[in-house]
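Colleague: Structure below; questions to follow.
The values are calculated or read from the model by the stated rules, or taken from the named source; none is laboratory data. If you're wondering where the values come from, they're calculated on a predicted model, not measured in any experiment. Here the Cβ is made from the backbone with ideal geometry for all residues, glycine too, and neighbour counts use every protein chain on show.
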């Protein structure tokens, strides 16, 4: 006795179109970067406001130098406020479809992020795990919106 089976697929064209839109969105993440940028600014501002986490305190000699130069004795990494502004409200980013790059000023950025061979400790700007997860959720949401 011969066996015969017929299979009909409905909606495959719609799914194929949605997958194509999803792939196109993944190739151009620019819409996500517009939302991630203020998240980075907020995270960096938190670093400055809480002086860390893990930032070494200023040495007494640094505090004396700051006062002698007419600056306040603290907070850390906020002598004139220029670096803090550059990494928060004035954050410069380069966006292209595949990446977002936040740029720290050459000086003092790299010295504070990594420290120096002289006794200047690193005082890096870091994202908390919760901030990383929020950024990932933003990226995921933008990708899913491309599918719908």
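Colleague: Just checking, how many residues over the stretch 106-142 are touching a helix residue (DSSP H, G or I) at 6+ places or on another chain (Cβ under 6 Å) and not in a helix (DSSP H, G or I)?
Modeller: Final tally of qualifying residues: 5.
Colleague: Let me ask something else. Would you be able to say whether some residue in the stretch 64-78 is exposed (fewer than 11 other Cβ atoms within 10 Å of the Cβ) and over 25 Å from residue 119 (Cα atoms)?
Modeller: Looking through the stretch 64-78, none of the residues is exposed (fewer than 11 other Cβ atoms within 10 Å of the Cβ) and over 25 Å from residue 119 (Cα atoms).
Colleague: Look at residue 101 and say whether it is modelled with pLDDT of 90 or more, surrounded by fewer than 11 Cβ atoms within 10 Å (Cβ to Cβ) and in contact with a strand residue (DSSP E or B) (Cβ under 7 Å, 6 or more places away or on another chain). Don't jump to the end; show me each part of the working.
Modeller: On the way: modelled with pLDDT of 90 or more: yes; surrounded by fewer than 11 Cβ atoms within 10 Å (Cβ to Cβ): yes; in contact with a strand residue (DSSP E or B) (Cβ under 7 Å, 6 or more places away or on another chain): yes.
The answer is yes for residue 101.
Colleague: Residues in the stretch 53-71: is at least one in contact with a helix residue (DSSP H, G or I) (Cβ under 9 Å, 6 or more places away or on another chain) and either touching a residue at least 60 places away in the same chain (Cβ under 8 Å) or within 30 Å of residue 27 (Cβ to Cβ) (or both)?
Modeller: So far as the stretch 53-71 goes, yes, one or more of its residues are in contact with a helix residue (DSSP H, G or I) (Cβ under 9 Å, 6 or more places away or on another chain) and either touching a residue at least 60 places away in the same chain (Cβ under 8 Å) or within 30 Å of residue 27 (Cβ to Cβ) (or both).
Colleague: Looking for whichever is buried (at least 16 other Cβ atoms within 10 Å of the Cβ), in contact (Cβ under 8 Å) with a residue 60 or more places away in the chain and in contact with a helix residue (DSSP H, G or I) (Cβ under 7 Å, 6 or more places away or on another chain) here; the options are 25, 21. Which one fits?
Modeller: Working: 21 fails: buried (at least 16 other Cβ atoms within 10 Å of the Cβ).
Just a single option satisfies the conditions, and that option is 25.
Colleague: Next up: Inside the stretch 11-105, counting only helices (runs of 4 or more DSSP H) that do not spill past its ends, which hold 3 or more residues that are farther than 27 Å from residue 123 by Cα?
Modeller: Values: elements: 12-27, 30-50, 60-68, 82-87.
Because the criterion is at least 3 residues that are farther than 27 Å from residue 123 by Cα, the helices (runs of 4 or more DSSP H) in the stretch 11-105 that meet it are 12-27, 30-50.
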